[in-house]
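Novice: Sharing a structure with you now.
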Amino acid sequence: RPIAQNRHVVAMGLVRGVPLYQLHSNRVSAAQAEEIFRQSGELAGRLAKHGLVHCDLNEFNLMVDLSGVQSKIASRSCGDREDDDGDARSKMRDWEDDATEHYVRHSGMPVQIKGALSAHGPLQKHVVDGTGEAVTEAPPEPLERLDNGEPKPIVTLIDFPQMVSTRHPNARELYERDVVCLKRFFTKKLRCYVE
C-alpha cells in the first residue's frame, strides 16, 4: 500500500517475505518452486497485457512470502467494510497491527533447531526466526495451500523505474530476456526445471 510520494519515489508499506535470491532448493519444496515460477511468469504476462515490460525481472526484484500470509494481510486491509456494530475500521487496523507485528519480529524463514531453552532445562525442539529469536506464538494461517498441504507462496514484484512500453522497439527482446533470466535462476538455484 502506498504511504507517501516525493517526485519519483513512492514509499510503500512493508512487504512480507524475502528476495527470491535468498531462497535455496533445500528450503523450498518442488511444488513451492513451481508455484513461485508460475506466479513470476504470470506477473510478467499481466504487465505485458497492460502494455509494460519490466526489463529487470530477476531474483533480486521478486519478494517471496513462503508462509502465504501476505495475501491475507492485503485482502483484509483493502476496503472500508463495516460490520454490524459499525467499528470495522478499528478492528481492521487492530488485525493488521497484529499481523504486521508478528511479521516484523519474525521476518525470516523459520528453521527447526534442537537446543535447551535454559541451561537447566531438557533439550527441546523450538523454532527460531530469521533474527535468531525463538518464536513463541503461532503465525497467522495462510489463505491458500498447495495440493501437498504446504502454504501457497505469494510473489510480489518490486523495482519498476526501468519498465518500458510494449511499443518500445526492443520490448520483445527485453521481455524474452526477463523470461530467460527467471528460467536460468529456477534451474540453477532452485533445481526447478520448467519449460
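Novice: From the protein chains alone at 1.4 Å, what is the descending order of accessible area for Leu47, Leu57, largest first? Before the final figure, lay out each step's value.
Specialist: Details: Leu47 30, Leu57 5 Å².
Correct descending sequence by accessible area is Leu47, Leu57.
Novice: To the nearest 10 square angstrom, what accessible area does Thr166 show with a 1.4 Å probe?
Specialist: Spelled out: Thr166, probe radius 1.4 Å, area about 60 Å².
Novice: Let me ask you something else. DSSP loop (so not H, G, I, E, B), at most 12 other Cβ within 10 Å: list which trypsin sites (Lys or Arg not before Pro) in segment 153-182 pass both filters. Numbers along the way, then the final one.
Specialist: Details: sites: Arg167, Arg172, Arg177; in loops: Arg167.
Within segment 153-182, the qualifying trypsin sites (Lys or Arg not before Pro) (loop, at most 12 other Cβ atoms within 10 Å) are Arg167.
Novice: Could I ask something else about it? Calculate the spin-label point distance for Ile3 paired with Phe160, positioning each point 7 Å from the Cα along the beta-carbon direction, and give it in nanometres.
Specialist: 1.8 nm
Novice: Separate question: Tell me, what is the 1.4 Å probe accessible area of Met163, in Å² to the nearest 10?
Specialist: That residue has around 50 Å² of solvent-accessible surface.
Novice: Also, I was wondering about something else. Could you sort His50, His168 by accessible area so the largest value comes first, with the probe set to 1.4 Å?
Specialist: Details: His50 145, His168 75 Å².
Reading off the accessible areas and sorting them downward yields His50, His168.
Novice: Still on this model: Considering the options Ile36, Cys55, Gln5, tell which one lies farthest towards the positive end of the dipole of segment 5-56, charges being +1 on Lys and Arg and -1 on Asp and Glu at the Cβ, about the Cα centre.
Specialist: With unit charges placed on the Cβ atoms, the residue in question is Gln5.
Novice: Can you sort Arg145, Arg191, Arg38 by solvent-accessible area, 1.4 Å probe, largest first? Display every interim value, and only then the final one.
Specialist: On the way: Arg145 120, Arg191 155, Arg38 95 Å².
The residues order as Arg191, Arg145, Arg38, largest area first.
Novice: Give me the Kirkwood hydrodynamic radius of segment 1-66, using the inverse of the mean 1/r over all pairs of distinct Cα atoms, in Å to one decimal.
Specialist: Working: mean 1/r = 0.0731 Å⁻¹.
About 13.7 Å, per the Kirkwood formula over Cα pairs.
The values are calculated or read from the model by the stated rules, or taken from the named source; none is laboratory data. Everything numeric here is computed off the predicted structure, so don't read it as measured data. Reconstructed Cβ throughout: ideal geometry from the backbone, glycine too, with neighbour counts over all protein chains shown. When the accessible area is computed, the model is the full protein with side chains, heavy atoms only, and any ligands, DNA or RNA have been set aside. Shrake-Rupley method; radii C 1.70, N 1.55, O 1.52, S 1.80 Å.
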